[in-house]
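Visitor: For reference, the structure I am asking about is given below.
Taken together, the values in this text are just the output of simple stated rules run on the coordinates, not laboratory data. A quick note: this is a predicted structure, and the numbers were derived from the prediction, not measured. Note that we place each Cβ from the backbone using ideal geometry, even for glycine, and neighbour counts take in every protein chain shown.
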Protein chains: 6
Amino acid sequence: MRRHTPPDKETHRMATPPPIEYSDASPEVRAVYDDIKRTRQIKDVNNFWKYLAHDPSTLKRTWESIKDIMAPGALDAVTKEMIYLAVSVTNGCGYCIASHGAAARKAGMTEAMFGELMAVVGMANETNRLANGYRVPIDPAFEK
Amino acid sequence: MRRHTPPDKETHRMATPPPIEYSDASPEVRAVYDDIKRTRQIKDVNNFWKYLAHDPSTLKRTWESIKDIMAPGALDAVTKEMIYLAVSVTNGCGYCIASHGAAARKAGMTEAMFGELMAVVGMANETNRLANGYRVPIDPAFEK
Amino acid sequence: MRRHTPPDKETHRMATPPPIEYSDASPEVRAVYDDIKRTRQIKDVNNFWKYLAHDPSTLKRTWESIKDIMAPGALDAVTKEMIYLAVSVTNGCGYCIASHGAAARKAGMTEAMFGELMAVVGMANETNRLANGYRVPIDPAFEK
Amino acid sequence: MRRHTPPDKETHRMATPPPIEYSDASPEVRAVYDDIKRTRQIKDVNNFWKYLAHDPSTLKRTWESIKDIMAPGALDAVTKEMIYLAVSVTNGCGYCIASHGAAARKAGMTEAMFGELMAVVGMANETNRLANGYRVPIDPAFEK
Amino acid sequence: MRRHTPPDKETHRMATPPPIEYSDASPEVRAVYDDIKRTRQIKDVNNFWKYLAHDPSTLKRTWESIKDIMAPGALDAVTKEMIYLAVSVTNGCGYCIASHGAAARKAGMTEAMFGELMAVVGMANETNRLANGYRVPIDPAFEK
Amino acid sequence: MRRHTPPDKETHRMATPPPIEYSDASPEVRAVYDDIKRTRQIKDVNNFWKYLAHDPSTLKRTWESIKDIMAPGALDAVTKEMIYLAVSVTNGCGYCIASHGAAARKAGMTEAMFGELMAVVGMANETNRLANGYRVPIDPAFEK
């Protein structure tokens, strides 16, 4: 579905639109909010979804993907959340570090686990650059 | 310890020095190689260490840190290796993806686990940018 | 759908699995390959899909998302491919630069357009860091 | 031109210098500000230029490059601004996302176009990492 | 040393723990704080160390590494601080840009030096992407 | 100057064009090559310039900027090359690491200096992420 924006709504100097609260949301958007709240057992969705709601097709696709990807499988929920946090820390996304830090703790990450995760993330970001700078060729053993 | 390079060895157009094999290594470097081999139960260290050996103090400090950080603790070994792989994939370090992919598999990561890890890493890299671009402010609930 | 890997197939020192060709693919994977080939009017899918096919649920989800996102809409196809290329160049993904460079050219990007795209991408990566290093605060005009 | 800073102005614990307003600017800096204002049809330059003005040679070189690169050519202005925004979102530069989001909207980017741009940027950042992690080799077809 | 967190201290919805001031620190943490203050000739450690103190083993390892790496050697202190700042600007770490900008100025970086550093960092980030996008192969001369 | 590409030269499935050797270059491009060779005291330009030559305006602007930025000033040539290398290592640009490693060595970087540079670059990439993940707020002292 492509969002249709009436031309009289369009001004070319518009800043980023504000978040869409449940009470102001279209039925299509509310359906996604309801599914998020039901799946996560929460009363209101967080800001990420409220901003993404300006593009209902992206909101829907993103939520469906997250729901599928983050469900426990070969990896359990807390491991998945910790991987998500590790990526967010590596990329320096302040919002994501806050929200996924909370999600990981809710899923069972203790402060001891967090400390160890941070130590690994820090070290990996360091040795990635050592490998780059020393121009290390891949060992044949890793190729088969 | 600072490495002393005799001036007659220095030419200003030198390319990246080649790897240092065990047979050519100083006693200081061999001591580190021995510890890596003993700890990991392997016959030869991989290329990363052979290139890093050009700076024995960095070789030593990096190995001591890795040994400490990657030992099982609140997180087990395979979880730590998967986090390391997630960071390496995010940063696009070809050497690290190859070597840590192998290390994670050796520690117990199955292909099903790898597939799920990749799905999370991909999604996290996507939503990190959605959060950036939509300029999402941090929810108060994540601040306490 | 979660992929089930029979335990006798799992060895812990396995390297990255090889690509899955159409002739070796499961019906589920072939269905995705067929859709890609039909949509793009090509005889064989490229390597990206053949490697991703090891996780059929990620293969499917990724293709469905790409098909949706890259269809012409408010932005036409060549503009979308150029944005994809700009991101890939910024991230330094060699595979993606090659494949999306080809896709953009197929969609109508001329060499003159490519040259201008590269000039913008280079400049943006430069000024992003100038803004970081000079710690520039956001102008009030950009906040409304 | 190299900027000369009188020694009595230098204190070693100085923080990042404050922005240089038009009224406090040297003739050299004012000339650049005037050109920016004339070219962009605005009353005052934004913060980026006011901070960069501490290094007049960088201010001048950056503005001359931007003026050249962002002028419509094989790509029109709004396409160039959208590419700039895509890079800034990928890199997570908060200042740049705000200022180039405004510039893109001023050049004609509607909210529908923004939504599609964000969808492409998010997806590209995802598939770049999938290509990395699955270690996908470049197809021969992309090499000629 | 692994940090032991008593189970009654763990709640799963905990946000990032607050900084640990000297007065609240354990003897182990105070020992590190004392060494930092003595080495840097300062009265109180900065926020980075106060947050890292939640994981005393990471605090200790990080400080020991920094102390070793940043001591003058073949490169003097201000050069090392400027390299640290260049990396932090490239990565967009706001905290690090502020703290290492201050450290570099304290070590002797003048505003003229800062301006030139920023010009190099900006240009390097630009040409890194030009090399990526134009898919430039490494010259044989750089391989020997 | 905008490059005009005659329509009969354009095929939409074209791969990245090959490098432009001096013997095949237009007078405009040769003028830039000559200036690079004269400035750097070399017999032939490296691959980066030969690929960039497909867009003569970018070739010219990039060379003029590099010439200006990399000339010794408040920072000497070897310091500037080392900063360039530090950024290239951080970003993982293989071409740039090779070419700027050679340039830094030519400008006077010894292997001892390289080892220390790598130690700093590695550590900075690590602590940038520790600061991100621990969500460290900027100390007031760094704000004045």
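Visitor: For B:Asp24 and E:Glu28, FRET efficiency with R0 = 30 Å and r from the beta-carbon atoms, rounded to 0.05?
Guide: Numbers: r = 41 Å, r/R0 = 1.35.
It comes to 0.15.
Visitor: If the cut-off is a Cα-Cα distance under 20 Å, which aspartates and glutamates reach D:Lys43, setting aside same-chain residues fewer than 8 apart in sequence?
Guide: Partners found: C:Asp139, C:Glu143, D:Glu21, D:Asp24, D:Glu28, D:Asp34, D:Asp35, D:Glu64.
Visitor: Another question about this same structure. Which of B:Ser26, E:Ser23, A:Ser99 has the fewest other C-beta atoms within 10 Å, and how do the rest follow up to the most?
Guide: Ranked by crowding around the Cβ, least crowded first: E:Ser23, B:Ser26, A:Ser99.
Visitor: If you don't mind, there's one more thing I want to ask. Can you tell me the 0 to 90 degree angle between the C-alpha axis of helix E:56-70 and the longest principal axis of chain E, rounded to 10?
Guide: Once rounded, the angle reads 40 degrees.
Visitor: Could I ask something else about it? Using the crude model of +1 on Lys and Arg Cβ and -1 on Asp and Glu Cβ, and no other charge, please compute the dipole size for region A:30-144 relative to its Cα centre, in debye to 20.
Guide: 400
Visitor: Given a cut-off of 22 Å, name the pairs among B:Lys50/F:Lys106; B:Lys60/E:Lys50; A:Lys37/A:Lys106; B:Lys37/B:Lys60; A:Lys50/C:Lys60; E:Lys37/E:Lys80 whose C-alpha atoms lie farther apart than that in the structure shown. Show your work: numbers first, answer last.
Guide: Numbers: B:Lys50/F:Lys106 24 Å; B:Lys60/E:Lys50 27 Å; A:Lys37/A:Lys106 15 Å; B:Lys37/B:Lys60 14 Å; A:Lys50/C:Lys60 27 Å; E:Lys37/E:Lys80 19 Å.
The answer is B:Lys50/F:Lys106; B:Lys60/E:Lys50; A:Lys50/C:Lys60.
Visitor: Measuring from a point 7 Å out along Cα→Cβ, what nm distances, shortest first, does F:Tyr22 have to its partners in the other copies?
Guide: 4.9, 4.9, 4.9, 6.4, 7.2
Visitor: Please give the residues of region F:113-144, grouped as numeric ranges, whose backbone N is less than 15 Å from a label point set 7 Å along the Cα-to-Cβ vector of E:Ala77.
Guide: The answer is none, because no backbone nitrogen lies closer than 15 Å to the label point.
Visitor: A further question follows. Under 12 Å from the Cβ of B:Lys43, count the other residues' Cβ atoms, weight Lys and Arg +1, Asp and Glu -1, and hand me the total. Please report the intermediate quantities before stating the final value.
Guide: Working: positive: B:Lys37, B:Arg38, B:Arg40; negative: B:Asp34, B:Asp44.
Around B:Lys43, the surrounding residues sum to +1.
Visitor: Another question about this same structure. Which order do D:Arg38, F:Arg135 fall in if you start with the one that has the fewest other Cβ atoms within 10 Å?
Guide: D:Arg38, F:Arg135
Visitor: How tilted is helix C:27-40 with respect to the longest principal axis of chain C? Cα atoms for both, answer in degrees (0 to 90, nearest 10).
Guide: Taking the Cα atoms of chain C, the angle to C:27-40 is about 40 degrees.
Visitor: Next question. Under unit Cβ charges (Lys, Arg +1; Asp, Glu -1), what dipole magnitude, rounded to 20 debye, does the protein assembly as shown have relative to its Cα centre?
Guide: 0
Visitor: Still on this model: Towards the positive end of the charge dipole of region A:58-144, with charges on Cβ (+1 Lys, Arg; -1 Asp, Glu), say which of A:Tyr134, A:Ala71, A:Ala86 has the farthest Cα.
Guide: The residue sitting most towards the positive pole is A:Ala71.
Visitor: OK, next. Near the axis that takes chain C to chain B, which C residue has its beta carbon closest, and at how many Å?
Guide: C:Gly92, 3
Visitor: Now for a different question. For chain E, what is the calculated [θ] at 222 nm in deg cm²/dmol (nearest 500), taking -39500 (n - 2.57) for each run of four or more DSSP H residues and dividing by its residue count?
Guide: After summing the helix terms and dividing by the residues of chain E, the value is -19500 deg cm²/dmol.
Visitor: Further question on the same structure: Determine, at each q value in 0.08, 0.09, 0.11 (inverse angstroms), the log₁₀ of I(q)/I(0) that the Debye formula gives when each Cα of the protein assembly as shown is one equal point scatterer.
Guide: At q = 0.08, 0.09, 0.11 Å⁻¹ the computed log10 ratios are -0.69, -0.90, -1.45.
Visitor: On to the next question. Can you give me the long-range amide H partners of A:Asp139? Hydrogens built in the peptide plane at 1.01 Å from N, cutoff under 5 Å, separation of 5 or more residues or another chain.
Guide: Result for A:Asp139 returns B:Asn47.
Visitor: Same structure, new question: If packing is taken as the average number of other Cβ atoms within 10 Å across a peptide's residues, how do F:44-55, D:40-51 rank, most packed first? Don't jump to the answer; show the numbers that get you there.
Guide: Numbers: F:44-55: 22.3, D:40-51: 17.4.
Peptide ranking by packing, descending: F:44-55, D:40-51.
Visitor: Largest first and to the nearest Å, give the Cα extent of region F:54-102 along each principal axis.
Guide: 28, 28, 16
Visitor: OK, next. When the Debye formula is applied to the Cα atoms of chain E, each taken as the same point scatterer, what base-10 log of I(q)/I(0) results at q = 0.10, 0.12, 0.19 Å⁻¹?
Guide: The calculated log intensity ratios at q = 0.10, 0.12, 0.19 Å⁻¹ are -0.52, -0.69, -1.18.
Visitor: Take every Cα pair under 8 Å in chain E that's 6+ residues apart, average their separations, divide by the length, and report that relative contact order as a whole percent.
Guide: 17
Visitor: Placing the label point 7 Å from Cα along the Cα-to-Cβ direction, what are the distances from D:Gly108 to the equivalent spots in the other copies, shortest first, in nm to one decimal?
Guide: Relative to the other copies, D:Gly108 has label-point distances of 1.3, 5.2, 5.5, 5.5, 5.9 nm.
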